[in-house]
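Here is the structure we will look at.
Read the figures in this text as sums done on the coordinates, not as results from a lab. Note that the coordinates shown come from a computational prediction; the quantities given were computed from them, not determined experimentally. Cβ placement follows ideal geometry from the backbone for every residue including glycine, while neighbour counts extend to all protein chains displayed.
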């Protein structure tokens, strides 16, 4: 099979990292063209990476030699760019969140599925060994029937009141708010573990004039389980994920190679120490890109498709709605 060729929309940190991964680590694919709205990064793509460049997404998406498109632009642009790629019948690797509303997400899903395109969303927790291990144990029945699960993450960037100016906070309309921009990671992971979420009660806060810097969501799953997602841009960087089931409990905590997964079955004495499994909370090289390219080569759908990702958009939007109204919100089925 000849080399797959792709284009990148948005040449910031993520776009550049994915381009390097493909062009330096994969011998079956290459990036040939880049679109970026700013001239400086477009010059980097041209002069340092040797790629064709344009300010117009259609120029690099609709090329005859392009098989796939990486969409790593600002959140608000994802829908329009996915629609261009769908009409051009290009396979799509999209950064999260896929859209800023559930209606837009479903329009995108219809566009790609009606054309039989392979899509993958870069939800990084699905490509981190520690989170994969917890998923494998859950699927193997280690914890029995799930009763409760949660994920809490703080990003270590800092609050507006302390002088930090995260773009997802200061550019609310472009990013969609911290809940949609970043808490979507945790929402997607809990969905991956526990299935569909049917109802939420949300709360958000910010020290900035507008936007969100932290969010909390109480979750009710279709299965009957309860859960919680918490996410913040605050100055401390920490991760904590847990699951309680009828057969036992597990807690994943720590960062990088210092992360640990503790497991303790039901029926053991309080004095018994839990089993401690060393794990790594660090994304594998290239994140989901290797998986996506393999799917395209083999002509098989990805389990991390746009349709899968549409649920995290629905839940994030419901959390925001609940935070505004002070009432619980049903999540679209």
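Can you give the Rg/Rh ratio of the stretch 247-327, where Rg is from the C-alpha atoms and Rh is the Kirkwood radius? Display every interim value, and only then the final one.
Details: Rg = 19.2 Å, Rh = 16.9 Å.
Rg/Rh: 1.14.
Taking 22 Å as R0, compute the FRET efficiency from the Cβ-Cβ separation of residue 24 and residue 65 and round it to 0.05. Walk me through the numbers before you get to the answer.
Details: r = 20 Å, r/R0 = 0.91.
Efficiency for this residue pair is about 0.65.
Going by Cα centres, the stretch 229-278 and the stretch 184-228 are how many Å apart?
For the stretch 229-278 versus the stretch 184-228, the Cα centre distance is 19 Å.
So what is the relative contact order of the stretch 161-220, in percent, for Cα pairs below 8 Å that sit 6 or more residues apart?
Relative contact order of the stretch 161-220: 36 percent.
Expressed in nm to one decimal, what extension gain is obtained for the pair residue 14 and residue 260 from 0.36 nm per residue of sequence separation less their Cα-Cα distance?
Roughly 85.8 nm would be gained on extension.
How long is the gain from residue 56 to residue 39 if the chain were fully straight, where each residue apart is worth 0.36 nm and the alpha carbon distance is subtracted? Numbers along the way, then the final one.
Values: separation 17, 0.36 × 17 = 6.12 nm, distance 1.20 nm.
Stretched fully, the residue 56-residue 39 segment lengthens by 4.9 nm.
Distance in nm between label sites at residue 277 and residue 161, each 7 Å beyond Cα in the beta-carbon direction?
My value for the distance between the label points is 3.9 nm.
Report the antiparallel proportion of the DSSP beta bridges in the chain as a percent, rounded to a multiple of 5.
Here the antiparallel bridges make up roughly 60 percent for the chain.
Given Cα pairs under 8 Å that are at least 6 residues apart, what percent is the relative contact order of the stretch 60-139?
The value is 27 percent.
Using only C-alpha atoms and all pairs of different ones, pull out the Kirkwood radius for the stretch 162-260 in Å with one decimal.
14.9
Over the Cα atoms of the stretch 166-209, what Rg and Dmax result, in angstrom?
Radius of gyration, then largest Cα-Cα span, for the stretch 166-209: 12.4, 36 Å.
Which angle from 0 to 90°, rounded to the nearest 10, does the C-alpha axis of helix 129-139 make with the longest principal axis of the chain?
On a 0 to 90 degree scale, this one is about 60.
Percent relative contact order of the chain, based on C-alpha pairs within less than 8 angstrom and at least six residues apart?
Computed over the chain, the figure is 19 percent.
Dividing the alpha-carbon Rg of the stretch 40-173 by 2.2 N^0.38 Å yields what?
1.34
What is the helix-to-structure angle for 306-325, meaning the angle in degrees between its Cα long axis and the longest Cα principal axis of the chain, kept from 0 to 90 and rounded to the nearest 10?
It works out to around 60 degrees.
Express in whole angstrom the spacing between the alpha-carbon centres of the stretch 75-91 and the stretch 126-170.
28
Label residue 135 and residue 207 with points 7 Å out from Cα along Cα→Cβ: what is the distance between them in nm?
3.5
Compute the acute angle (0 to 90°) between the alpha-carbon long axis of helix 13-25 and the principal axis of greatest extent of the alpha-carbon atoms of the chain; round to the nearest 10°.
Helix 13-25 sits roughly 70 degrees off the main axis of the chain.
For residue 235 and residue 89 in the same chain, what is the full-extension length gain: residue separation times 0.36 nm, less their Cα-Cα distance, in nm? List each step's numbers first, then the result.
Details: separation 146, 0.36 × 146 = 52.56 nm, distance 4.26 nm.
Value of the extension gain: 48.3 nm.
Write down the radius of gyration of the chain and its Dmax, each obtained from C-alpha positions, in Å.
20.2, 66
Suppose we keep just the DSSP beta bridges with both residues in the stretch 151-241; what percent of those would be antiparallel, to 5? Walk me through the intermediate numbers first.
Values: 20 of 24 bridges.
Around 85 percent of the beta bridges assigned by DSSP in the stretch 151-241 are antiparallel ones.
Answer rounded, prolate or oblate for the stretch 1-97, using the Cα gyration tensor with square roots of eigenvalues a ≥ b ≥ c: rounded when a/c is under 1.5, else prolate when a/b is larger than b/c, else oblate.
Judged from the Cα gyration tensor, the stretch 1-97 comes out rounded (a/c under 1.5).
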